[in-house]
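Asker: Structure incoming, see below.
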Amino acid sequence: MDVNTPKSDTAPVGPLAGPGGIGGDASTSPMAADGHSGDSGRKKRARVHVLSATIDLETHIANYKDRGARIDRLMFIADRCPPLQADASALAITEIKQTSNAEKYLQAVTRLNEALYAQRKPMQPVDEKWVEETRQAVRAKTERLESELKSYRANSIKESIRMGYTDLGDHLFDAGDLSGALKHYTRTKDYCATQKHILDMCMRVIRTGISIGNFAHAHTFLVKAESIPDPPEREKLSSKIASIMGIINMESGAYRKAAKNFLSIQFAHADVIFETLSPNDIAVYGAITALASFERSELKSQVFENSDFKQFLELEPQIREMLYNFHALKFQACLEIMARIKNDLLLDIYLHEHLDTLFQLIRKKAIVQYFYPFMSVDMNKMAENLYCTVSELEHEVAALIREGQIQARIDSHNKILRVKRTNQRSQLYAKSLEMAADYAFQRRLTVLRGKLLERELVVSMARR
């Protein structure tokens, strides 16, 4: 039975939550807290292994100007995508050898050899000479910088002390000692004499805190950076702060706030956003969080009429197409794109933990909007347009009905979804009784006040 009975010509949109999602070629295995960091505040999740991806590693990594960002993302991909493990590890090794992080180099070689062993290829030997020379150089530089800092502190020269802590922090950050770097960056706080010094200190602490996974600590210093009066190049700083705040809000699950952060970034300042992000990331994060949390009118005003964000979207044609298809109610095309890009997005260092939740929110909104114009819908046709099976659709619609987001009933035998009819006469009587009760209450209050005035029991407020 093919029934699609129209109800109206408009479709309202509201932020939704609940289960559902888009499938992908990925497997899960129980692991520790999911992510590239060890933040104890995170919930433990299953680590997702992506079994197929379409990422061109060299093109993807070329979007990031910061070497540390390139290394972290390559290592993350190597850890999560077995088919790309060898290539990602090899590229990471090339990048790491331009730094002084011997420990990360050994990790990358281990991952490379694991991949080569699985492919029955010759193993990559460890460059023992480079490792030893790098470790000796790090120790020597650490001792020299600590000695210089001790001398500065003995002479009580504030600016020299600040620079000493900063140099030592930069050196430890490059060597991979993030906790040590964070400790020394934080100590510069007492020796900052200008707004620029405070801003530099905050940005270094934020970068290190996010690298460690301590987003709460990063947020504290981000608020401090925002509160600096009249900072240099305020507009550029605002875009950088917005990109950082977007990551922090997304990490905490505040997707609506994150979307507003990403959408507020000016395209002219794309080169000064947070070091670990690229302009392509702004397009992806902004579009997906907006789709998951914005109403239809907000999508139009804040996304499609946002000239800066439209320039970011030009960098990601698939994301742009997904957005336009959703807004045009072409849900099948939108959900197909989501399924196609999901595995690649699962290899994103910040987005991977939130992707299932965000896609579920988008899918729920699609179901609600699809059904809204109709009095009844053939669920077979609906499932076809929503890129799922009828059984999956029934479970999703049932969840939405329980949550009160769809006022409908499921005819499981005929596979038809019908609007839940309400008794108009009963509603009218109930409303009339409610109005009568309210009128009686107001009347009693009026009579009571009249009696109080008559007996002069009302106290007037004294005039000043």
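The values are calculated or read from the model by the stated rules, or taken from the named source; none is laboratory data. Nothing here was measured: the structure is a model prediction, and the numbers come from that model. Positions of Cβ are backbone-derived with ideal geometry, glycine not excepted, and every protein chain shown enters the neighbour counts. What goes into the accessible areas is simple: the full protein's heavy atoms, side chains included, and nothing from ligands, DNA or RNA. Shrake-Rupley method; radii C 1.70, N 1.55, O 1.52, S 1.80 Å.
Asker: The stretch 374-442 to the stretch 127-143: how many Å between their Cα centroids?
Answerer: 68 Å
Asker: Gain in length, Glu336 to Asp167, computed as 0.36 nm per residue apart minus the alpha-carbon separation, to one decimal in nm?
Answerer: Using 0.36 nm per residue and subtracting the Cα-Cα distance, I get 55.9 nm.
Asker: From a point 7 Å beyond the Cα of Ser252 in the direction of its Cβ, which residues of the stretch 351-394 have a backbone N at a distance under 20 Å?
Answerer: Residues passing the 20 Å test: 351-355, 357-358.
Asker: If you don't mind, another one. State the volume of the convex hull built on the alpha-carbon positions of the chain, expressed per residue in Å³ and rounded to an integer.
Answerer: Dividing the Cα hull volume of the chain by its residues yields 231 Å³.
Asker: Mind checking the per residue accessible area of the chain for me, 1.4 Å probe, whole number of Å²?
Answerer: Normalised by residue count, the accessible surface of the chain is 53 Å².
Asker: Let me ask something additional. How far apart, in nm, are the 7 Å Cα→Cβ label points at Asp56 and Ser147?
Answerer: 5.0 nm
Asker: Compute the Rg to Rh ratio over the stretch 265-323 from the alpha carbon atoms, using the Kirkwood formula for Rh, and round to two decimal places.
Answerer: In the stretch 265-323, Rg relative to Rh is 0.95.
Asker: Output the relative contact order of the chain, whole-number percent, from Cα pairs under 8 angstrom with separation of 6+ residues.
Answerer: 21 percent
Asker: So how far apart, in nm, are the two label points at Asp271 and Tyr429 if each is 7 Å from Cα heading toward Cβ?
Answerer: The modelled label-to-label distance comes out at 7.4 nm.
Asker: Measuring from a point 7 Å past the Cα of Lys236 along Cα-to-C-beta, which residues in the stretch 162-198 have an amide N at less than 17 Å?
Answerer: Once the point is set 7 Å along Cα→Cβ of Lys236, 195-198 turn out to lie under 17 Å by backbone N, inside the stretch 162-198.
Asker: Hey, another quick one. Going toward the positive end of the dipole of the chain, with +1 on Lys and Arg Cβ and -1 on Asp and Glu Cβ, which of Ala430, Ala108, Ser160 do you reach last?
Answerer: My answer, from the dipole projection, is Ala430.
Asker: So what is the calculated 222 nm ellipticity per residue for the chain, using -39500 (n - 2.57) for each DSSP H run with n of 4 or more, over all residues, to the nearest 500 deg cm²/dmol?
Answerer: -19500 deg cm²/dmol
Asker: Let me ask something else about it. Excluding same-chain residues fewer than 8 positions from Lys420, which aspartates and glutamates have a Cα within less than 13 Å of its Cα?
Answerer: Output for Lys420: Asp411.
Asker: Determine the alpha carbon to alpha carbon distance for each of Lys65/Lys129; Lys65/Lys189; Lys330/Lys381; Lys224/Lys342 and list only those over 24 Å.
Answerer: Over 24 Å Cα-Cα: Lys65/Lys129; Lys65/Lys189; Lys224/Lys342.
Asker: Further, regarding this structure: Is there a quick way to get the dipole size of the chain? I mean about its Cα centre, with the Cβ of Lys and Arg at +1 and of Asp and Glu at -1; what is the value in debye to the nearest 20?
Answerer: 2120 debye
Asker: While we're here: Give the carbon-plus-sulfur fraction of the accessible surface of the chain in %, rounded to a whole number; probe 1.4 Å, heavy atoms of protein chains only.
Answerer: Ligands and nucleic acids excluded, carbon and sulfur reach 51 percent.
Asker: Assuming R0 = 30 Å, what is the FRET efficiency of Val458 and Asp438, from their Cβ-Cβ distance, to the nearest 0.05?
Answerer: Plugging the Cβ-Cβ distance into 1/(1 + (r/R0)^6) gives 0.80.
Asker: Between Ile401 and Asn280, 0.36 nm times their residue separation minus their Cα-Cα distance comes to what?
Answerer: Result for the pair: 39.9 nm of gain on full extension.
Asker: Okay, moving on. Whole angstrom only: what separates the Cα centroid of the stretch 301-365 from the Cα centroid of the stretch 147-205?
Answerer: The stretch 301-365 and the stretch 147-205 have Cα centres separated by 41 Å.
Asker: If you don't mind, there's one more thing I want to ask. Work the Kirkwood hydrodynamic radius out for the stretch 233-374: mean of 1/r over every pair of different alpha-carbon atoms, inverted, in Å.
Answerer: Its Kirkwood hydrodynamic radius stands at 15.1 Å.
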